Amino acid sequence: MIKRWFVTGTDTEVGKTIASSALLQAANLAGYRSAGYKPVASGSEMTPQGLRNEDALALQRHSGVALSYEDVNPYTFAEPTSPHIVSADLRQPIEFTVMSSGLRRLEQRADWLLVEGAGGWFTPLSPTQSFADWVVGEQLPVILVVGMKLGCINHALLTAQAVRQAGLPLVGWIANDIAPPGRRHQEYLATLHRLLPAPMLGEIPHLAGIAQQPLGHYLDLSLL
């Protein structure tokens, strides 16, 4: 049976890709055939192979099965802005059918599938639809990445509420230390433990060169 998860964050720049990489590494350590999927990415660089997004490349690198870049990231935009804005400017609409077709292809090759969103839960993909609408259509269980900083408690609770109101399970959350822990860090963690309606899968510490570090051992997939 295929295990499928959707990773969202309390905001943009809270470490969704670091957490997603850690999740893929943990799945690989557990013996799964993992695959990472970033259906929509903005903020990409032109390379000899075409536009490449750093987050999608990380998911490709940490997937347990060999994937092409196109397998991981069907919609790639250069400008680092909300996807619905740049797609409208370029007249390249983001279609849910394309996103779902890419997911179906990965389901044929992996038994542990992680989908990373863009920005936060309600990131728009068109004038009328958000990333959340697609996730609801796919009925994906949600993992929340909490960037540990001032304001994260409110953002985490609002996101958890929105996920549950959408009828989806919030199956776990990850504390990501995007900066060295401050003096109230443990109190923030304790509050999140008490108020979020899901288990904490682990805490990823603030590390130098974190993108090159092994991270899977910081997470406990048995809680999912």
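The values are calculated or read from the model by the stated rules, or taken from the named source; none is laboratory data. Owing to the predicted nature of the structure, the values given are computational and were not obtained by experimental measurement. Here Cβ is always computed from backbone atoms with ideal geometry, including for glycine, and neighbour counts include all displayed protein chains. These area figures cover heavy atoms from the full protein model, side chains too; ligands, DNA and RNA do not enter into them. Shrake-Rupley method; radii C 1.70, N 1.55, O 1.52, S 1.80 Å.
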Practice prompt. Output the qualifying pairs, or none if there are none: Cβ atoms under 6 angstrom, residues six or more apart or on different chains, first residue in the stretch 210-222 and touching a residue at least 60 places away in the same chain (Cβ under 8 Å) and farther than 16 Å from residue 34 by Cα, second residue of a type outside the set (Ser, Thr, Tyr) and part of a strand (DSSP E or B).
Written response: 218/202; 218/204
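Kindly establish whether residue 119 is under 28 Å from residue 189 (Cα atoms) and open to solvent by 10 Å² or more (accessible area, probe 1.4 Å).
Answer is yes for this residue.
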Worksheet item: Of the numbered conditions (1) under 14 Å from residue 143 (Cβ atoms); (2) more than 19 Å from the chain's Cα centre (by Cα), residue 208 satisfies every one except a single condition; which is it?
Response: (1)
Worksheet item: Which one of these does residue 6 not meet: (1) open to solvent by less than 40 Å² (accessible area, probe 1.4 Å); (2) of a type outside the set (Asp, Glu); (3) not in a strand (DSSP E or B)?
Response: (3)
Worksheet, complete the sentence: Selection from the stretch 179-193 of residues open to solvent by 60 Å² or more (accessible area, probe 1.4 Å) and not in a helix (DSSP H, G or I) yields 180, 181, 183, 184
Response to the item:
When restricted to 159, 191, the only residue at pLDDT 95 or above, closer than 18 Å to residue 11 by Cβ and touching a Ser or Thr at 6+ places or on another chain (Cβ under 6 Å) is 159
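Mind listing whichever residues of the stretch 32-50 are in contact (Cβ under 8 Å) with a residue 40 or more places away in the chain and in a strand (DSSP E or B)?
So the first thing to find is which residues in the stretch 32-50 are in contact (Cβ under 8 Å) with a residue 40 or more places away in the chain, and the list is 32-42.
Hits for the stretch 32-50 are 34, 35, 36, 37, 40, 41, 42.
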Fill in: Output for the stretch 9-30, where each listed residue is more than 19 Å from residue 178 (Cβ to Cβ) and either assigned to a loop (DSSP other than H, G, I, E, B) or open to solvent by 20 Å² or more (accessible area, probe 1.4 Å) (or both)
28, 29, 30
Worksheet item: What are the pairs, 6+ residues apart or on separate chains, where a residue within the stretch 144-165 that is under 17 Å from residue 118 (Cα atoms) has its Cβ under 7 Å from a residue that is loosely packed, with under 14 Cβ neighbours inside 10 Å and not aromatic (Phe, Trp, Tyr)?
Response: 160/197
Fill in: Residues that are open to solvent by less than 10 Å² (accessible area, probe 1.4 Å) and outside any strand (DSSP E or B), drawn from the stretch 145-167
152, 156, 160, 163
Worksheet entry | Residue satisfying all of: in the stretch 126-142; open to solvent by less than 20 Å² (accessible area, probe 1.4 Å) and either assigned to a strand (DSSP E or B) or out of contact with any Phe, Trp or Tyr (no Cβ under 6 Å at 6 or more places or on another chain) (or both); farthest from residue 61 (Cα to Cα) among these | 130
Worksheet item: On the given criteria, is residue 33 open to solvent by 20 Å² or more (accessible area, probe 1.4 Å), over 20 Å from residue 135 (Cα atoms), touching a strand residue (DSSP E or B) at 6+ places or on another chain (Cβ under 7 Å) and charged (D, E, K, R)?
Response: yes
